[in-house]
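Visitor: Have a look at this one before I ask anything.
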Amino acid sequence: MKNLQHNIFKIASLAILFFTLYACQDLTDIQQDVNQLNQQIEIDMLSNNFEGELPPSMVPLKDYIFKQKSNAFMSESGNSLESEIEATLKPTESHTQTLTGKINGAPSSGDVMFILDLTGSMGGVLNTAKANSINIMNSLRSLIPDTNFGAISHMDYNGVFGGCGYGPTNYGSGIDYPYRLDANLSSDLSSTANGINSMVLGFGNDGPENFTRPLWELYNDESLNWRAGSKKIAIFWLDNLPHDCNVYSLLGINGFTTGPDPGRDEIVGTADDLEFAKTINELKENGITLITLFSGGTSGNPFALWKAASQLTGGDAFPFNSSSPDVADFISAIISENLSKINNLSITSCDPTFASWLTDVDPSSYEDIILDEPIERLFDVTITVPEGTAPGVYTFDLCLIGDGAEYAKTSVTITVPDQNVTVAFDVHPGSCPNPIQLRRNGVIPTAILGAEGFDVNDIDVSSITLEGVSPIGFAYDDVAISYESSNGVSLDANACHTLGEDGYTDLTLRFNSADIIKALGSVSSGDVIKVKIIGKLLDGTDFEGEDVVIIR
């Protein structure tokens, strides 16, 4: 104990001297924040409950904030998804555009959860985690600057359990517990460090432990605070097999049991009993990469099992010596290696609300990408407005996703126009009433009237028909003042006016009189009726207009 106190006092004294000298320098705000945090953690070290002597891996606190990224592909130019999408579409209409996904570096954000087995054999690992927690987190932030951290601990279920040919036996006793969230994911390094520093060893009576439970909680405990689009990584320190009724099934070896995992209700044989292989597959489905630091023997099936399980999620298992003096660099190298590959790269809607708008991506994904240099991948993306979508402007983002993590995004702006724009239409502009002669050949002059906010030059003239009849001529001129549509107006031969120019260009149209009379069908002299003109704007929007006429 005296040796322990002496070592702690020596470390604290050196740290105080270091930070006193360092404070005299002209530091940036970021550097000062880092130093203040490190000083606080150094002070916290005095109250740590280390398990035995201080570990050889106790190293001076390092500042990784300005460390250059070691991978060549991690350049400062960042990642992008080019380019933005803008289109005007009616419901059921589609727009296809080629997007270029460029990856020069790490994902936009990362969430790293540390999981520690606190059963008796893990004392050295716990010491290492306590002594190196800030170094490890600073090192990982040198790879993904926007990284949040958290900490989970477990021992084993406290009590006697058995089943599927195992036990009954004591899984755990005393202070043992199967799962505890010691620090939820946050940007506060001291919160995670304090969570790790507060951990103490328990017991764990039999060899296997309840490793499946904390893995299951990774995607079921809503208080963990995983962020959407982050690179999700779980770093698990352990040294044995999980409790499971067919523990080696991932290796294709059946019939070996280490006893059931009773799940949250801690009762064997109920619906929430956990299975290791199923949990690992669900971990993969939830986009969480498992990296296992295995401090047990590596020559047999236990290490092979963790390697297979971790690789299934896109991670890996590594032998871990808790006395290593370069723990932070070791873990950083593991994460860096994991970031240098993407098993599946795809494009999705960042907002699930608009997932149905993204109707096709070709190719759907790219597989097995090695990021030893900047890469570009092309995607043909199709956006389709769902049927029944109300007019308006809709904005959302598309995300470039690699193994569940967001690398880049681009914006989508879709304008859904009114499905039927109402235009002011005037038969015999400047005349009131508006006669159509039953027995006279010739032309009927009409006009679609321009107004503030409506430019007749936006009309597709080739699409226009009056009662199904196409015009025989058109011109652009200012001939009449716009008025409200006759929609909803009672049939009145005098529902018109004789006002002339208003300063806005109108589209004048001439129709063959005989063709119009024929299209009207059974009408008689003196009838007052409405006639309708329809067509499309150049952007594909439908329009219609009406006017009241009298048959002569």
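The values are calculated or read from the model by the stated rules, or taken from the named source; none is laboratory data. Quick caveat, the model's predicted, so the values are computed rather than measured. Neighbour counts are summed over all protein chains in view; Cβ atoms, including those assigned to glycine, are modelled from backbone coordinates with ideal geometry. Areas reflect the complete protein model, heavy atoms only, side chains present, ligands, DNA and RNA absent. Shrake-Rupley method; radii C 1.70, N 1.55, O 1.52, S 1.80 Å.
Visitor: ARG440 fails exactly one of the following numbered conditions: (1) touching a residue at least 40 places away in the same chain (Cβ under 8 Å); (2) part of a strand (DSSP E or B); (3) touching a helix residue (DSSP H, G or I) at 6+ places or on another chain (Cβ under 8 Å). What is the number of that condition?
Guide: (2)
Visitor: Would you check if THR389 is within 30 Å of GLU546 (Cα to Cα), of a type in the set (Ser, Thr, Tyr), under 25 Å from the mean Cα position of the chain (by Cα) and open to solvent by less than 50 Å² (accessible area, probe 1.4 Å)?
Guide: Taking the combined requirement at face value, the residue satisfies it.
Visitor: Another question, if that's okay. Kindly indicate which of LEU345, LEU398 is over 30 Å from ILE115 (Cα atoms) and not in a helix (DSSP H, G or I).
Guide: Exactly one of LEU345, LEU398 is over 30 Å from ILE115 (Cα atoms) and not in a helix (DSSP H, G or I), namely LEU398.
Visitor: On to the next question. Criterion first (open to solvent by 60 Å² or more (accessible area, probe 1.4 Å), free of Cβ contacts under 8 Å to residues at least 12 places away in the same chain and in a loop (DSSP other than H, G, I, E, B)) does ILE253 satisfy it?
Guide: Considered against the rule, which asks whether it is open to solvent by 60 Å² or more (accessible area, probe 1.4 Å), free of Cβ contacts under 8 Å to residues at least 12 places away in the same chain and in a loop (DSSP other than H, G, I, E, B), ILE253 comes out as no.
Visitor: Give ASN220, ASN170 a once-over and let me know the one that is at pLDDT 95 or above, more than 30 Å from ARG141 (Cα to Cα) and either open to solvent by 40 Å² or more (accessible area, probe 1.4 Å) or under 27 Å from the mean Cα position of the chain (by Cα) (or both).
Guide: Step by step, each of ASN220, ASN170 is checked, and only ASN170 is at pLDDT 95 or above, more than 30 Å from ARG141 (Cα to Cα) and either open to solvent by 40 Å² or more (accessible area, probe 1.4 Å) or under 27 Å from the mean Cα position of the chain (by Cα) (or both).
Visitor: Also, quick follow-up: Condition test on LEU538, is it surrounded by fewer than 14 Cβ atoms within 10 Å (Cβ to Cβ), hydrophobic (A, V, I, L, M, F, W, C) and in contact (Cβ under 8 Å) with a residue 40 or more places away in the chain?
Guide: So LEU538 fits the description; yes.
Visitor: Related question: Within the range 146-163, take every residue that is in contact (Cβ under 8 Å) with a residue 12 or more places away in the chain and open to solvent by 10 Å² or more (accessible area, probe 1.4 Å) and give me the one that is farthest from ASP188 (Cα to Cα).
Guide: That would be GLY163.
Visitor: Something else about it: Among residues belonging to the range 305-352 that are more than 29 Å from the chain's Cα centre (by Cα) and either closer than 29 Å to SER249 by Cβ or of a type in the set (Lys, Arg) (or both), point out the one that is least open to solvent (accessible area, probe 1.4 Å).
Guide: Taking the candidates together, the pick is LEU305.
Visitor: Also: If I filter the range 201-217 down to residues being open to solvent by 40 Å² or more (accessible area, probe 1.4 Å) and at pLDDT below 95, which single residue comes out as nearest to the chain's Cα centre (by Cα)?
Guide: PHE203
Visitor: Could you check the range 402-436 and list, in sequence order, the residues that are open to solvent by less than 30 Å² (accessible area, probe 1.4 Å) and farther than 18 Å from SER482 by Cα?
Guide: Passing the criteria: GLY402, ALA405, TYR407, ALA408, THR410, VAL412, ILE414, VAL416, PRO417, ILE436.
Visitor: Let me ask you something else. Residues to consider are ILE481, ILE517, ILE448, ILE533; find the one that is part of a loop (DSSP other than H, G, I, E, B) and β-branched (Val, Ile, Thr).
Guide: ILE481
Visitor: While we're on this one: Show the residue pairs meeting these rules: Cβ distance below 9 Å; 6+ apart or different chains; first residue within the range 304-320 and among the basic types (Lys, Arg); second residue assigned to a strand (DSSP E or B).
Guide: So the pair list comes out as LYS307/THR292; LYS307/PHE294; LYS307/ASP316; LYS307/ALA317; LYS307/PHE318.
Visitor: Kindly indicate whether any position in the range 300-313 is basic (Lys, Arg), touching a strand residue (DSSP E or B) at 6+ places or on another chain (Cβ under 8 Å) and within 18 Å of PHE236 (Cα to Cα).
Guide: yes
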